[in-house]
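The values are calculated or read from the model by the stated rules, or taken from the named source; none is laboratory data. Bear in mind the structure is a predicted one, so any value in this text is a computation, not a measurement. Glycine also receives a Cβ, built like all others from the backbone with ideal geometry; neighbour counts cover every protein chain displayed. What goes into the accessible areas is simple: the full protein's heavy atoms, side chains included, and nothing from ligands, DNA or RNA. Shrake-Rupley method; radii C 1.70, N 1.55, O 1.52, S 1.80 Å.
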Amino acid sequence: MTDSAARGLKRRTVVQALAAGAAASTGAPLLAQPAPVRIGYAMARTGPWSVGAQTSQEPNYLLWAEQQNAAGGLNVKGTRRPIELISSDDRSEMETCVRTYEKLMGSDKVDLILPPWGSNANFAVAPLANRFQYPFLAPTALSRRLVEMKLPYFFLLLQQPKPMMDALVDMLKANGARSVAVIYVDDLFGLENYAALKVALQGSGMNLVEDKSYPLGVKDLSPVLRSMKDKNPDAFIGLTYPPDTILASRQSKEIGFNPKFFYASVGTAFQLYRNVMQAGAEGVLGMGSWNQKTSPGAKAYFDAHVKRFGAAKEPDRWASGHCWAGLEILTAAVARVGLDRKAIRDYVAGTTHDTIVGKIRFAGSENVGTPGTVSQWQRGEFEVVWPKASATAPLNPAKPAWV
């Protein structure tokens, strides 16, 4: 058995044991318990997607299943049934990811599905979700193309490129920025966010002094960062994945590139970013939408996550919260309508949902209830700073020097 297969088997066995424990806690024999709710997913545990997947997504799936099973199981229209998670490592491989979901939905016929990590993987499996009619509540997909595909079973929990880039440009303009330099990863995430940013910049009065794409897996961004430093922009914007977010930040520090506004995402919202950059994280901006101050539910979720996984593995301050919100929505749907997947889809599509990140409602596939936001590291916390109505702290309008 391969290491990845072993990990997949172990993950399934752990949750089966939890289900058995939940049954035992009722005092009834295990065989007398209702059949488990079989919930399948593929998740990156190895490869380049794993940093994001193991920060923002899979820990939440495990915590949710454990909490539900500790309460006697998932409430399925009034009957508690234990959760059995059926999962495997997609190895950050698109083909493996797609093949796994096709098997889970097509031949295994699991009861429910949880989405994979990332825009590209979700883009690949979204048509399968629609074909097999499994509701997908995707917490780590940003894609206008997914919205435009009009897939009735697919829902995107994160704020999409337009509201996020509109919020960023609005914040920069309101605080005096007049020039911008941009790098972006040459894939779906980078291209769509860059396109939305360019539209948002039109008529803003801000000058785009330089823009450069880079390939996934880049090892050195210093040449383009030096070129941007020479142009002395008010704002740097990196539409970057977690390893590249850290790379751009480290190399900007090394060459002394410290514009008034330094924005990079995704990954800025991760505890990893704060740990790596240490005091240098102060004042850095990025994609974020919540923290412990956002709601009592957000605080309870944060505390439960830290208790389960330790202080060294905090939830990130963006997609982790939306992942948990999606699980809240799924839990409420199953409690209301059971495991009828079309009824779940209709409930998700037609309801305004109260979640830890605020109200979520969908227009087609898009979450139009959560506004675009900007967050900033301030004294060890990633604070929501824009728009002011969503803020957990005021914006620091001038990034301090790298330390």
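Taking every DSSP helix (H) stretch of at least 4 residues in the chain, weighting each as -39,500 (n - 2.57) and dividing the sum by the residue count yields a mean residue ellipticity at 222 nm of -14000 deg cm²/dmol. Amide H to amide H, with H built 1.01 Å from N, residue 142 comes under 5 Å of 119, counting only residues 5 or more places away or on other chains.
Charges were assigned to the Cβ only: +1 to each Lys and Arg, -1 to each Asp and Glu. The resulting dipole of the chain about its Cα centre is roughly 480 debye. Taking every full run of DSSP H in the chain, the ones that stretch at least 15 Å from end to end by Cα along their long axis and average 0.0 or higher on the Kyte-Doolittle scale are 3-25, 119-132, 161-174, 188-201, 319-337.
Placing +1 on the Cβ of every Lys and Arg and -1 on the Cβ of every Asp and Glu, with nothing else charged, gives region 325-403 a dipole about its Cα centre of roughly 80 debye.
Normalised by the number of residues in region 228-321, the average gap of Cα pairs under 8 Å and 6 or more apart makes the relative contact order 24 percent.
Note on region 95-204: with charges restricted to the Cβ of Lys and Arg (+1) and Asp and Glu (-1), its dipole about the Cα centre is near 220 debye. Remark: the chain carries 39 Å² of accessible area per residue (probe radius 1.4 Å; ligands, DNA and RNA excluded).
Heavy-atom surface analysis with a 1.4 Å probe gives the chain a carbon and sulfur content of 54 percent of its accessible area. Largest mean-square fluctuation among 163, 223, 127, in a Gaussian network model of the chain whose springs join Cα atoms under 10 Å apart, belongs to 223. A straight line joining the Cα centroids of region 53-90 and region 342-401 runs 24 Å.
Restriction of the trypsin sites (Lys or Arg not before Pro) in region 350-403 to DSSP coil positions whose beta-carbon has at most 12 other beta-carbons within 10 angstrom yields 379. Each peptide in 234-240, 195-201, 279-285 receives the mean, over its residues, of other Cβ atoms within 10 Å, and ordering these scores from highest gives 234-240, 279-285, 195-201. What FRET efficiency comes out for residue 253 versus residue 187 if R0 is 22 angstrom and r is the Cβ-Cβ distance? Round to the nearest 0.05. FRET efficiency, residue 253 to residue 187: 0.30.
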